[in-house]
Amino acid sequence: MTVTAILRSEWTKIRTVPSTVWTLLLTFALSVGLGYLLANSMGDSYATASPERRATLDPLFATFYSLTLGQLPLVVFGVLVVGGEYGSGTIRASLLAVPRRGRFYGGKLLAGTALAFPVSVITVLATFFVATSAFGPDAPSLRDEGVPSAVVGACLYLTLICLFAMGVATMLRSPTRSLGILLPLLFLGSQGLGNVPGVKAFTQYLPDQAGMLIMHIVGPQDDPRWARDYGPWTGMGILALWTIAALLGGHLVLRRRDA
Amino acid sequence: MIEVENLSKRYGNTLAVDGVSFTVRPGRVTGFLGPNGAGKSTTMRMILDLDRPTGGRVRIDGRSYRELPDPLRRAGALLEAKALHNRRSAYHHLLWLAQSNRIPKSRVREVLRLAGLEGVAGKRAGRFSLGMTQRLGIAAALLGDPPVLLFDEPVNGLDPEGVLWIRNLLKGLAAEGRTVFVSSHLISEMALTAGHLIVLARGRLLADTSVQEFAESGARPHVRIRTPEPERMRDVLAAEGLPVKQADDGALEVYDTAPERIGQLALAHGLVVSETTLRSASLEEAFMRLTGDSVEYRGGGR
């Protein structure tokens with residue numbers, strides 16, 4: 001039972017089920033497609049805006065905002081990679097093939113990440129270049145301050161949020177339960193609730209809200225309504241902590257519970 | 001060889017498996033018999049390290065399942081619960097299993113042929129009938145050509161042809177010197193395939209014996225007699241020292257004798273006999289008696 005054997009087997013599992021393949025394609029298509037449309041329309045209004053109005057607009061926001069939607073299929077991918085085993089019952093066959101829980105879990109996370117990471121990098125780079133060229137002459141450039149870290153941060157963000165989803169799915173042992181928690185959390189919860197002043201003190205620490213700060217898509221930081229109590233890399237650290245917690249929780253559940 | 005030592009499993013307040021010990025030896029089919037809910041599946045899952053035992057231990061050829069290198073090459077299993085992804089083809093299901101344990105790809109084709117699934121290898125498992133799903137599960141169990149095999153209710157959902165196929169397969173695997181452990185709640189099925197029986201009821205081991213001995217322990221062979229003069233027949237039999245019992249339907253059941261002897265006695269005493277049948281030991285009776293006893297014991301003893 002070598003690591004390569006486990007990885008090869010996990011790779012076969014992923015590529016032989018259509019849904020996992022589709023979620024990765026959709027991550028790319030949604031991010032790049034919506035990125036183009038958003039940057040196109042925001043670029044036009046930016047070009048005609050007064051200097052005072054320009055000061056409140058962030059071109060990077062237009063570049064990466066589509067990732068808030070593009071992350072959803074990637075989260076579904078993470079959930080399916082692990083949770084699909086529980087939904088279908090293949091978890092028993094998998095644990096018969098690789099009875100050591102740690103190796104099985106490690107192999108699964110590694111195989112999932114080995115796909116999620118390159119898909120994240122390709123998606124982020126394509127979104128950046130498509131969106132900036134659609135934005136027009138005032139588009140952010142890689143030489144601008146904060147832009148390189150936004151690009152690197154976006155790649156890290158997508159990879160970490162996918163790993164977070166894999167950990168949650170291992171803890172909950174069901175794809176439907178996992179999506180039932182993750183999708184509202186990522187889509188409605190923090191997006192909608194983040195605007196309510198009272199709860200922002202709490203919601204700013206949710207995994208997506210913390211990790212997205214580096215991409216300039218949580219709103220202008222000089223506006224107290226949006227301002228975070230931490231910096232962009234600390235935000236990424238908060239997301240990393242969430243991810244580690246979810247992965248450890250998944251490991252614990254996998255070791256303790258009967259298959 | 002599978003060695004189970006003092007194995008227990010507790011779910012809340014229920015003791016699903018209660019200090020069970022037995023050994024499954026190679027070269028014969030060992031039946032794992034018990035009514036539904038007796039703890040057979042739980043025991044099998046604990047043998048395979050899927051469920052964590054509350055107490056006791058299991059050894060497969062001297063090691064715990066978890067410690068086996070490339071476990072699919074050491075032990076193969078068909079479990080009762082479904083373990084297939086509906087959207088994945090039969091071939092790909094076996095392929096990922098093979099890859100995880102470094103089993104050559106050519107073996108995937110081999111077991112597909114063995115299970116009679118060659119023609120549907122590319123078909124999605126979700127479109128399989130229950131019988132085809134069962135065959136695919138058996139193909140998966142045989143994938144690593146393992147010396148130890150466990151089958152949980154393998155004939156479930158199979159058509160008569162499939163049932164026959166399984167019976168011959170099990171006997172053939174045992175004849176090759178493998179350890180074959182098969183659970184069933186159908187004693188008639190076990191009577192046809194198994195040479196040895198391990199009987200479980202309410203989580204407790206009731207018997208660990210050969211099929212022959214098990215049948216004999218339950219119901220002694222006897223001769224059934226119908227006669228218009230049962231009273232006189234009883235006297236004659238009693239005079240001969242033969243133990244006799246009247247059945248519910250009025251027939252006489254005579255132990256420790258043969259139909260020929262009854263014929264001779266009837267002729268000698270001028271008795272009319274309308275029926276003499278030899279009733280050999282019945283596995284069903286033995287099973288019912290044994291499991292019935294255990295229920296009473298548990299009801300009164302605890």
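Observations on the model:
- Within the stretch A:87-101, the set of residues being more than 16 Å from B:L72 (Cβ to Cβ), in a helix (DSSP H, G or I) and within 7 Å of chain B (Cβ to nearest Cβ) comprises just one member, A:S88.
- Verdict on A:L252 being within 14 Å of chain B (Cβ to nearest Cβ), closer than 30 Å to A:R101 by Cβ and at pLDDT 95 or above: yes
- Pick from the stretch B:58-107, criterion small (G, A, S) and surrounded by fewer than 17 Cβ atoms within 10 Å (Cβ to Cβ), ranking: farthest from B:S41 (Cα to Cα): B:S106
- From B:G116, B:G131, residue being small (G, A, S), more than 14 Å from chain A (Cβ to nearest Cβ), more than 18 Å from A:S9 (Cα to Cα) and part of a helix (DSSP H, G or I): B:G131
- Condition broken by A:K108, with the remaining ones in (1) within 9 Å of chain B (Cβ to nearest Cβ); (2) crowded, with 21+ Cβ neighbours inside 10 Å; (3) of a type in the set (K, R) satisfied: (1)
- Residues of the stretch B:156-182 that turn out to be outside any helix (DSSP H, G or I), more than 24 Å from B:E3 (Cβ to Cβ) and of a type in the set (A, V, I, L, M), as a count: 1
- The residues in the stretch A:25-55 that are surrounded by fewer than 21 Cβ atoms within 10 Å (Cβ to Cβ) and within 30 Å of B:L97 (Cβ to Cβ) can be counted, and the count is 2.
- The residue list B:V244, B:V199 contains one member that is touching a helix residue (DSSP H, G or I) at 6+ places or on another chain (Cβ under 7 Å) and within 30 Å of B:G76 (Cβ to Cβ), which is B:V199.
- Scanning the stretch B:77-97 for residues that are within 7 Å of chain A (Cβ to nearest Cβ) and aromatic (F, W, Y) turns up just one, B:W96.
- Each residue in the stretch B:98-113 was checked for being among the charged types (D, E, K, R), facing chain A (nearest Cβ under 10 Å) and within 29 Å of the chain's Cα centre (by Cα), and 0 of them qualify.
- Verdict on B:P53 being modelled with pLDDT of 95 or more, within 11 Å of another protein chain (Cβ to nearest Cβ) and assigned to a loop (DSSP other than H, G, I, E, B): yes
- The condition (being farther than 30 Å from A:R54 by Cβ, surrounded by 21 or more Cβ atoms within 10 Å (Cβ to Cβ) and not small (G, A, S)) is satisfied by just one residue among A:T90, A:T127: A:T90.
- Filter pass, B:V182 being free of Cβ contacts under 8 Å to residues at least 60 places away in the same chain, more than 14 Å from chain A (Cβ to nearest Cβ) and farther than 23 Å from A:R101 by Cα: no
- Residues in the stretch A:130-143 that are outside any loop (DSSP other than H, G, I, E, B) and crowded, with 23+ Cβ neighbours inside 10 Å: A:A131, A:F135.
- Those residues of the stretch B:122-166 which are closer than 23 Å to B:I103 by Cα and among the basic types (K, R), in sequence order: B:K123, B:R124, B:R135
- Pairs linking a residue in the stretch A:5-34 that is at the interface with chain B (Cβ under 8 Å from one of its Cβ atoms) to a residue that is in a helix (DSSP H, G or I) and aromatic (F, W, Y), with Cβ atoms under 8 Å and 6 or more positions apart or on different chains, are A:I6/A:F104; A:S9/B:W96; A:E10/B:W96; A:T12/B:W96; A:K13/B:W96; A:T16/B:W96.
- Complete set of residues in the stretch B:63-76 that are within 7 Å of chain A (Cβ to nearest Cβ) and not in a helix (DSSP H, G or I): B:P69, B:D70
The values are calculated or read from the model by the stated rules, or taken from the named source; none is laboratory data. Everything numeric here is computed off the predicted structure, so don't read it as measured data. So basically every Cβ, Gly included, is an ideal-geometry build from the backbone, and we count neighbours across all protein chains shown.
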